[in-house]
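See structure below.
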Amino acid sequence: MDWLNYHHLRYFWIVAKEGSLARAAERLRVSQPSISGQIRELETAFGQRLFRKEGRKNVLTEAGRMVQRYAEEIFSLGGEMMSALHERPTESALRVRIGMTDSFPKLVANEILRPVFALGRAVQVICREGKQVDLIAQLAAHRLDLVLADEAPSSSVNIRVFDHRLGETGCLLCASRKLAAELGPGFPRSLDGAPALLPAENAPLRRAAETWLRNLGVKPRVAAEFEDPALMKVMAAEGRGFIILPAAVSAIALKRYGLQVFGSAEDCRVSFHAFTAERKIEHPAVSAITRCKVWLASGN
């Protein structure tokens, strides 16, 4: 394609951001058929579909998600240009694009990203979640600057990455006040048959927890499994079961959700990793993250 119609690209970008043609039409003050027509022309120019139908919804295709990422950068730079032309100079923000595996503990991520916001300059952090293999592919294509994961690179990934091990921690067992009082006295035998709220089966924490429980010879009753760790903590606060948390950030979770610790699992270990595409790191934000070591004992 020799020339890109940025007018069409902007219409696509607004639809992708708003999530529907109706909201995009209201924002742009044009008709829905007009927007649809311009997006079709953009798809023709690209030779690929950018949306697919799921029921009544328009959902981005893989090509659409890629175009959306580029559009965000294009129009962000356009805004900076307009500010400069109107003599409203602003410090160019340091942009860092970070991929994060679905199972990576968000409270841990928050601690790891603290050095980025302490660089003494304006930053723009763009976080995207996904599967490790997909994020590594984006890293190799330089669509991401860094990937955070809670396990080492999978052996099935044929892309070379550099693994910066940030740290590891043991785990704590937590529950509502009432359930913690019931499970604490006989811990760890009290876990046998007790209701457990566990991460999804593919999560590294789930695998570590199951290995630890198996070595103890106890078998809790799996009351629920979660891909969303925040929902798991909410359910635990309601007394629906116990959870296992990385000790490194347990204090924050306990305060936020009102949970209580009733046991420790030092041998249930989880590790934190940062992947980069290059050994030599020049990006200031990526350098700040990889220099941040978070080796923490389970009691901290």
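The values are calculated or read from the model by the stated rules, or taken from the named source; none is laboratory data. None of these values were measured; they are calculated from a predicted model. Note: ideal-geometry Cβ built from the backbone for every residue, glycine included; neighbour counts use all protein chains shown.
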Yes or no: residue 135 more than 29 Å from residue 214 (Cβ to Cβ), part of a loop (DSSP other than H, G, I, E, B) and either touching a Leu at 6+ places or on another chain (Cβ under 8 Å) or of a type in the set (A, V, I, L, M) (or both)?
no
Which condition number does residue 231 fail, the rest of (1) touching a strand residue (DSSP E or B) at 6+ places or on another chain (Cβ under 6 Å); (2) modelled with pLDDT under 95 being met?
(1)
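Name the residues in the stretch 248-275 that are of a type in the set (Val, Ile, Thr), surrounded by 15 or more Cβ atoms within 10 Å (Cβ to Cβ) and either free of Cβ contacts under 8 Å to residues at least 12 places away in the same chain or not in a strand (DSSP E or B) (or both), would you?
Initial filter on the stretch 248-275 (of a type in the set (Val, Ile, Thr)): 249, 252, 261, 270.
Adding the requirement that they be surrounded by 15 or more Cβ atoms within 10 Å (Cβ to Cβ) leaves 249, 261, 270.
The answer is 249, and nothing else.
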Matching residues in the stretch 2-13 - criterion: being farther than 16 Å from residue 66 by Cα and in a loop (DSSP other than H, G, I, E, B)
2, 3, 5
Which numbered condition in (1) surrounded by 20 or more Cβ atoms within 10 Å (Cβ to Cβ); (2) modelled with pLDDT of 90 or more; (3) farther than 23 Å from residue 176 by Cα is the only one that residue 245 fails?
(3)
Residue that is modelled with the lowest pLDDT [pool: residues in the stretch 78-117 that are aliphatic (A, V, I, L, M) and in a loop (DSSP other than H, G, I, E, B)]
93
Neighbours by Cβ (under 8 Å, 6+ apart or cross-chain): first from the stretch 129-148, over 21 Å from residue 202 (Cα atoms); second modelled with pLDDT of 90 or more and among the aromatic types (Phe, Trp, Tyr)
139/275; 146/275
Within the stretch 113-128, how many residues are exposed (fewer than 14 other Cβ atoms within 10 Å of the Cβ) and either touching an Asp or Glu at 6+ places or on another chain (Cβ under 6 Å) or closer than 15 Å to residue 62 by Cβ (or both)?
1
Exactly one condition in (1) surrounded by 14 or more Cβ atoms within 10 Å (Cβ to Cβ); (2) not in a helix (DSSP H, G or I) is false for residue 280; which is it?
(1)
If residue 188 satisfies all but one of (1) farther than 30 Å from residue 217 by Cα; (2) modelled with pLDDT of 90 or more; (3) surrounded by 14 or more Cβ atoms within 10 Å (Cβ to Cβ), what's the number of the condition it fails?
(1)
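What residue, of 205, 213, is at pLDDT 95 or above and not in a loop (DSSP other than H, G, I, E, B)?
Details: 205 fails: at pLDDT 95 or above.
Unique residue meeting the criteria: 213.
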Can you tell me which residue is nearest to residue 76 (Cα to Cα) among those in the stretch 14-59 that are part of a helix (DSSP H, G or I) and of a type in the set (Asp, Glu)?
18
Any chance the stretch 168-177 includes a residue that's assigned by TED's automatic domain parsing to the domain that holds residue 258, small (Gly, Ala, Ser) and part of a helix (DSSP H, G or I)?
no
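Restricting to the stretch 137-151, and then to whatever is of a type in the set (A, V, I, L, M) and within 8 Å of residue 99 (Cβ to Cβ), can you tell me which residue is surrounded by the most Cβ atoms within 10 Å (Cβ to Cβ)? Before the answer, list the steps.
Filtering the stretch 137-151 for residues of a type in the set (A, V, I, L, M) gives 137, 139-141, 144, 146-149.
From what is left, the residues that are within 8 Å of residue 99 (Cβ to Cβ) are 139, 144, 146-148.
On the way: 139: 21, 144: 24, 146: 25, 147: 27, 148: 23.
The residue in question is 147.
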